[in-house]
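Every number in this text was worked out from the coordinates using simple rules, so none of it is lab data. The structure presented is a predicted model; accordingly, all values stated were derived computationally and were not measured. Here the Cβ is made from the backbone with ideal geometry for all residues, glycine too, and neighbour counts use every protein chain on show.
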Amino acid sequence: MFDLSGKVALVTGAGQGGGAGIAEALAAQGALVGVNDLVLERAEATVAGITKAGGRAEPIAFDITDVEAVAAGIARFDGPVDILVNNAGIPEGMRTAQFREMDRSEWNLYIDLNIYGSLQCVAAVIDGMCERGWGRIIQISSGAGRTGLSLGISLYGASKSGVEGFVRHLSQEVARDGVTANSIALGLMEPKAGPDVTSAMARRVPVGRLGLPADVGAAVVYVASEEAAWLTGQTINLNGGATML
C-alpha cells in the first residue's frame, strides 16, 4: 500500500523543515525525488540524508518565482514529473506586520511565491501528466489561508487562500485525465525555537503537540498514492485538531 516505486516526484522548498520531511517520506516509498530549494547546499543536505537511508534523490536548485529558472530546472531533472508538491511558501526575509504597516513593495513577496511560483511549477508539469494519464498536484497551504488571524500575516494568508482556490478549479479541469489536485493546510509546526516557546504553542493544539516534518510527509504520501485516486479538489486540514473547517 502507498507504493510509489517508478514514480518521479518534485518537492519545492525541500531543503529544510516540512519540505525535507515530504521528500524523505516520498523517497522511502520508492519515488525518485527532485529536491528543490533556493539554496543548493540545503537541497544537497536533504539528498544526502535520503541517499543514506537507501532512497533516490537529486538536488535541484532554482527560484520558483523565476519562470525561466523553473523550466530550466525541471528540464535538468531525470525523468518526467508524476508528483508535484508545491511546498515552498515562506519568502526569504518574511516578517510579521499588520497590513496598514506594510509597504506595497512587500505584497509581491507573497503573491509571487505562493501564487505565481506555484502556478509556474504546475504549468511546467501538468501537460505531461495529462498526456500520460496519471499525476498528482499537491499544494502545501496553511490554516492562515482559511482562518483570520491578527498575527500580521494577512498577505501570506491571502496568497494561500488564492492558491487553494486555483487548485480546486484545476482539479475539475484535469480530473478526466487521471490527474488529481489537492491542498494540505498545515497548522502550527515545530519551530526552530527554545522549549519554552514550543511548549507554550503546543498548549493551543488539542492533541498536545506541534506538527513535525514526518507528519506532513505521511499525509503527502497518501495523497500522492494510487490509493488516493478518488481524492481530488480537497483541502485537508493537518493541524492536530486546532481547526475543523
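For the stretch 151-245, the fraction of alpha-carbon pairs lying more than 14 Å apart is 72 percent, rounded to a whole number.
Can you put E164, E173, E106 in order, fewest other beta carbons within 10 Å first?
Least crowded to most crowded, the residues run E173, E106, E164.
With helices as the sole contributors, the chain gives -12500 deg cm²/dmol at 222 nm; each DSSP H run of n ≥ 4 counts as -39500 (n - 2.57), and the sum is divided by every residue.
Largest GNM mean-square fluctuation among I184, I90, I74, using the chain with Cα springs under 10 Å: I90.
Here L170, L84, L40 are placed in order of increasing Cβ neighbour count within 10 Å, fewest first, which gives L40, L170, L84.
For the pair E92 and E226, the difference between a 0.36 nm per residue extended length and the Cα-Cα distance amounts to 44.8 nm.
Work out the length of the dipole vector of the chain about its Cα centre, built from +1 on the beta-carbon of each Lys and Arg and -1 on the beta-carbon of each Asp and Glu, and round it to the nearest 20 debye.
Once rounded to the nearest 20, the dipole reads 720 debye.
Among D177, D127, D103, D37, sorting on how many other beta-carbon atoms sit within 10 Å of each Cβ, with the fewest leading, yields D103, D127, D177, D37. Label sites at E101 and D66, each approximated as a point 7 angstrom past Cα along Cα to Cβ, lie 3.2 nm apart.
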